[in-house]
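To start, the structure under review is shown below, and the notes come after it.
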Amino acid sequence: MHEMSGPPGDAEPFDLDGDRLREECGVFGVFGHPDAAAITALGLHALQHRGQEAAGIVSFDGRRFHSERQLGLVGDTFSGREVIERLPGMSAIGHVRYSTTGETILRNVQPLFAELDAGGFAVAHNGNLTNGLTLRRQLVRDGAMMQSTSDTEVILHLVAQSRRNRFVDRFIGALKAIEGAYSLVALTNKKLVGARDPLGIRPLVMGRLDGAVILASETCALDIIGAKYERDVENGEIVIFDEEGLHSIKPFPPMPPRPCIFEYIYFARPDSIVGGRPVYEVRKTMGHELAREAPATADVVVPVPDSGVPAAIGYAQASGIPFEMGIIRNHYVGRTFIQPTQSIREAGVRMKHSANRAVVAGKRIVLIDDSLVRGTTSLKIVQMMRDAGAREVHMRIASPPITHSDYYGIDTPERDKLLAANHDIEGMRAFIRADSLAFLSVEGIYRAMGERRDPARPQFTDHCFTGDYPTPLTDLSAEVSTPRQLSLLAEAS
């Protein structure tokens with residue numbers, strides 16, 4: 001994690017992905033299809049952007065549960081026929097994961113599975129429990145033996161320790177005990193279950209394929225398998241699929257939904273539809289709003305690839321400044337690529353991204369990115385443009401300044417590492433060494449969503465910009481808890 005006391009050293013490898021917000025995971029489920037595991041693997045491929053460090057699938061063949069969980073990308077684990085053949089059955093759930101701290105370890109890879117008195121139970125979780133550490137400590141005091149550092153395991157133990165007779169009642173009891181953000185898919189020997197937290201912070205959608213039920217974090221996972229989208233799982237809703245069909249339960253008091261605004265800014269794939277809004281169009285509209293709020297006198301609009309592209313298109317359309325690909329990304333350089341020697345590193349070799357000098361040289365550039373976190377990436381991008389001959393570099397960010405950390409499933413730095421939490425606009429501009437810097441306002445981002453912001457009743461979870469956390473942060477308020485302890489002991493799912 002970079003400090004913000006000054007620019008990074010020349011010896012650091014150049015990687016525009018190094019200062020990004022990270023989503024924690026994606027979930028997928030199938031009920032009633034003979035190729036359930038293969039379909040799940042394909043769905044996880046479409047959700048790979050939500051987590052690249054580990055993947056897992058659990059299937060049920062009518063008698064036994066089967067599990068495959070591995071570190072690495074989905075294609076590294078589930079590309080071979082022999083792997084899919086080890087996961088027979090008409091139902092399956094899957095998970096892709098990104099770890100917030102340290103190294104991903106196999107025991108944290110989901111779906112998690114346990115044998116309960118009523119049968120097997122597998123669960124996969126997108127989000128983060130803000131009372132997970134508190135519950136974990138209580139469960140351990142009561143005799144639970146934890147096998148992972150994931151807060152998802154808390155849900156397993158809450159279900160297992162329930163004295164209620166029916167699984168559904170046990171599951172509801174577990175959900176009523178947890179706080180924070182979650183979209184869950186769970187599998188028993190008779191049911192596929194999906195659930196969203198009462199505010200619907202994390203997404204979950206339903207679809208159909210050849211009569212089979214599909215649950216997924218995003219609609220792009222339905223598209224890849226040719227499934228038909230039916231609807232979003234509603235905030236606070238539990239959907240249960242069994243041989244009798246769909247059962248919908250709403251065990252929480254009704255609340256207005258507050259989906260995570262960052263799904264639209266960055267996390268969801270551009271071809272997904274989230275909450276009825278096409279993500280690509282929303283991001284272009286954010287660019288339109290940014291151009292109106294923060295115009296610049298420039299020759300070309302250049303996106304930071306790949307996430308800044310839709311907003312840059314919108315900015316160019318609204319401003320009349322030509323859109324150009326001034327930064328080229330090499331998509332074929334992976335994490336296993338040979339690491340450069342120190343001398344090559346110092347020579348400034350850029351493996352993943354390079355300036356398109358023919359577009360940049362002699363021009364006044366408007367650089368468009370979706371967010372600014374620590375500022376170290378923006379500093380490198382601005383310098384790359386200057387090294388390529390840009391005459392002026394004006395940075396525009398298609399979201400408001402990130403001033404507060406997240407505790408709902410986004411890997412944000414602690415607050416003292418967030419550039420906007422410690423500097424005003426001029427201080428940030430000086431840090432990244434741009435000629436000018438501007439952000440989209442909170443009101444502007446609401447306009448891009450087709451909403452008029454009501455600070456008294458926000459329509460989205462926007463705490464990273466406003467400090468308005470929509471749920472209790474129980475673990476943070478505990479005397480023994482700190483953000484660092486939370487990240488280490490209750491590693492986000």
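Here the 3J(HN,Hα) profile of the stretch 460-473, calculated from phi with Karplus coefficients 6.51, -1.76 and 1.60 at θ = phi - 60°, is 9, 7, 10, 4, 4, 9, 10, x, 8, 7, x, 10, x, 10 Hz, Gly and Pro shown as x.
The residues of the chain expose on average 40 square angstrom of accessible surface per residue, using a 1.4 Å probe on protein heavy atoms.
Nearest 0.05, what FRET efficiency do Arg415 and Ala177 give at R0 = 22 Å with Cβ-Cβ as r?
0.20
For the pair the stretch 45-91 / the stretch 167-215, the C-alpha centres are spaced 19 Å from each other.
For the set Arg63, Arg364, solvent exposure ranked by accessible area (probe 1.4 Å, protein chains only) runs largest to smallest as Arg63, Arg364. The charge dipole of the chain, taken about the Cα centre with unit charges on the Cβ atoms of Lys, Arg (+1) and Asp, Glu (-1), comes to about 160 debye, rounded to the nearest 20. Here the sum of -39500 (n - 2.57) over DSSP H runs of 4 or more residues, divided by the residues of the chain, equals -7500 deg cm²/dmol at 222 nm, to the nearest 500. At q = 0.06 Å⁻¹, what is the log10 ratio I(q)/I(0) for the chain, with the Debye formula run over Cα points and no solvent? Values, matching the q order: -0.27. In the chain, a dipole from Cβ-located charges (positive for Lys and Arg, negative for Asp and Glu) runs towards its positive end, and of Ala122, Pro34, Met449 it is Pro34 whose Cα lies farthest in that direction. Of the GluC sites (Glu not before Pro) found in the stretch 215-308, those in coil by DSSP whose Cβ has at most 11 other Cβ atoms within 10 Å are Glu243, Glu244.
Near the amide H of Ala54, within less than 5 Å, lie the amide hydrogens of Gly72, Arg97, all on another chain or at least 5 residues away, with H placed in the peptide plane. With the alpha-carbon atoms of the stretch 265-338 aligned to their principal axes, the span from lowest to highest coordinate is 43, 35, 14 Å, starting with the largest.
Take the solvent-accessible surface of the protein heavy atoms, probe 1.4 Å, and return the percent of it on the chain that carbon and sulfur atoms account for.
About 50 percent, which is the carbon plus sulfur part of the accessible surface.
Measuring only protein heavy atoms, the 1.4 Å probe finds Asp424 accessible over about 100 Å². Over all other residues within a Cβ to Cβ distance under 10 Å of Pro400, the charged ones net out to -2, with Lys and Arg as +1 and Asp and Glu as -1. Taking a ≥ b ≥ c as the square roots of the eigenvalues of the alpha carbon gyration tensor, the stretch 83-222 is rounded, as a/c is under 1.5.
A Förster radius of 35 Å, combined with the Cβ-Cβ distance separating Arg329 from Arg107, puts the computed FRET efficiency at roughly 0.55.
Label-to-label distance for Arg457 and Glu230 is 3.0 nm, based on points extended 7 Å past Cα in the beta-carbon direction.
The values are calculated or read from the model by the stated rules, or taken from the named source; none is laboratory data. Predicted model only: the values in this text are computed from it and were never measured. Glycine gets a Cβ as well: all are built from the backbone with ideal geometry, and neighbour counts include every protein chain shown. Keep in mind that these areas ignore ligands, DNA and RNA; they rest on the heavy atoms of the full protein, side chains included. Shrake-Rupley method; radii C 1.70, N 1.55, O 1.52, S 1.80 Å.
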